[in-house]
Amino acid sequence: MSEENSHRISAIDLDQGSIHWRSADVEQERRVAIYDLLEGNYFKPANEYDGPFHVLMRVEEGRLALDISNEEGAAFETLIIALTPFRRLIREYFAICESYYKAIRQASPSQIEAIDMGRRGLHNEASELLKERLDGKVAIDFDTARRLFTLICVLHIRG
């Protein structure tokens, strides 16, 4: 198997018990994030397992758990990281996304662009933090981190 094919996520699921509610906009974000993630990602656990990988994301006691298994379902490990460093970013990201969704429906193109620039900047900051928090556990690229952060946000929606 090629190294490129080995170091990637081939399937990702969100623990439905961790998701309490989501709007149509959030559901669309989730679908796009998963689609884009599966189309291209880099995911290389430090423990050198043979991939590609199936990942289940869940929130447990305020921590993010990534259950990593192979495509046949054999479990490799669960990575756990504290979500406390992400709380401010998640809260701000929700607020700016809400503004963005409202703006799409009623604001001028320049207002939408300004909000979207802020949204992307916050998303980039959170993605870098995620890469740092996973360092030494799993290597991911920036685009993978961005899509995983979107999915972390989906897991945090409380309705």
- Task: Look through Glu128, Glu98, Glu72 and report the one residue that is closer than 19 Å to Ala33 by Cα, modelled with pLDDT under 95 and loosely packed, with under 15 Cβ neighbours inside 10 Å.
- Result: Glu98
- Note on the structure: Exception for Glu3 within (1) at pLDDT below 90; (2) within 18 Å of Leu155 (Cα to Cα); (3) surrounded by fewer than 18 Cβ atoms within 10 Å (Cβ to Cβ) falls at (2)
- Message: For the range 1-120, give me every one of the helices (runs of 4 or more DSSP H) that falls completely inside it and has 1 or more residues that are over 15 Å from the mean Cα position of the chain (by Cα) and under 22 Å from Arg133 (Cα atoms).
- Response: 87-106
- With respect to Tyr42, is the statement that it is modelled with pLDDT under 95, crowded, with 16+ Cβ neighbours inside 10 Å and among the aromatic types (Phe, Trp, Tyr) true? no
- (1) buried (at least 19 other Cβ atoms within 10 Å of the Cβ); (2) touching a strand residue (DSSP E or B) at 6+ places or on another chain (Cβ under 7 Å) all hold for Lys137 apart from (1)
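Arg87 - would you say it is over 14 Å from Ala11 (Cα atoms), charged (D, E, K, R) and either crowded, with 16+ Cβ neighbours inside 10 Å or without any contact (Cβ under 8 Å) to a residue 40 or more places away in the chain (or both)?
Working: over 14 Å from Ala11 (Cα atoms): yes; charged (D, E, K, R): yes; either crowded, with 16+ Cβ neighbours inside 10 Å or without any contact (Cβ under 8 Å) to a residue 40 or more places away in the chain (or both): yes.
So Arg87 passes the test.
The values are calculated or read from the model by the stated rules, or taken from the named source; none is laboratory data. This is a predicted model, so every value here is computed, not measured. Methodologically, a virtual Cβ is constructed for each residue, glycine included, from the backbone with ideal geometry; neighbour enumeration extends over all protein chains shown.
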